[in-house]
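Let me begin by presenting the structure, written as C-alpha cells, before commenting on it.
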Amino acid sequence: MGEKSKNIGIIIASAMMGATGQLLFKLSFSGGFLLFVSAGIFFYGTATLLYFYVLSRTHLSWAYGMGGLSYLFSVFLAARFLSESIPPARWAGVLLITAGIMMVGST
C-alpha cells in the first residue's frame with residue numbers, strides 16, 4: 001500500500017470516527033448522558049489523533065479538504081440513526097461536497 005493510499009484510509013477512518021463522536025454527543029441529550037458523552041469523547045479524540053498523524057505526513061490543504069468527509073458521514077448518520085429528514089437541497093450540497101473531496105483527494 002502506498003503512502004497516499006494509507007493516508008486516505010486513515011483520513012476516512014478519522015472522518016468516520018469524528019462523525020460518530022458527533023452522533024454520540026447528540027444522543028447524550030436524549031438519555032444516557034455520561035455513557036454517550038464518554039463514548040463520543042473517545043471517538044472524537046481518536047479521530048483527532050488519526051488526523052494529527054495524517055497532518056504530520058501530508059499537506060494541510062489536502063488533509064483539511066479530505067476532512068470534509070466528516071460532513072458527508074454525519075448527514076448519513078443523522079438520517080439513519082436520528083431519523084432526521086434531509087431536504088433535497090442538503091443532499092445536493094452533500095453531492096457537491098463529495099465531488100470537491102474527490103477532486104482534492106486525487107491531487
- prompt: To the nearest 10 degrees, how steeply does helix 33-55 sit against the main Cα axis of the chain, on a 0 to 90 scale?
  reply: 10
Cα→Cβ-extended label distance, 7 Å offset, between Thr107 and Ala13, nm: 2.6
statement: Applied in sequence order to the range 5-22, the curve 6.51 cos²θ - 1.76 cosθ + 1.60 (Karplus, θ = phi - 60°) yields integer Hz couplings, x standing for Gly and Pro, of 4, 4, 5, 4, x, 5, 5, 5, 4, 4, 5, 5, 5, x, 5, 5, x, 4
- prompt: Counting Lys +1, Arg +1, Asp -1, Glu -1, what net charge surrounds Gln22 among other residues with beta carbon under 15 Å of its beta carbon?
  reply: +1
- request: List, in order, the whole-Hz ³J(HN,Hα) value for each residue of the range 25-31 obtained from phi through the Karplus relation with A = 6.51, B = -1.76, C = 1.60 and θ = phi - 60°; use x for Gly and Pro.
  value: 4, 5, 5, 4, 7, 10, x
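Could you work out the relative contact order of the chain? I mean the mean sequence separation of Cα pairs under 8 Å and 6+ apart, divided by the number of residues, in percent. Walk me through the numbers on the way to the answer.
On the way: 100 pairs, mean separation 33.2, N = 107.
About 31 percent, as a whole number.
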Orientation-averaged projected area, Cα convex hull of the chain (nm²): 7.1
- prompt: Hey, what angle do you get for helix 69-81 against the long axis of the chain, alpha-carbon based, 0 to 90 degrees rounded to 10?
  reply: 30
statement: Non-local residues with an amide H under 5 Å from the amide H of Gly68, with H modelled 1.01 Å from N and Pro and chain starts lacking one, are none
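Bear in mind that the values in this text are calculations on the coordinates, not laboratory data. Just so it is clear, the structure is predicted and the values come from calculations on it, not from any experiment. Positions of Cβ are generated from backbone atoms using ideal geometry, with glycine treated the same way; all protein chains shown enter the neighbour counts.
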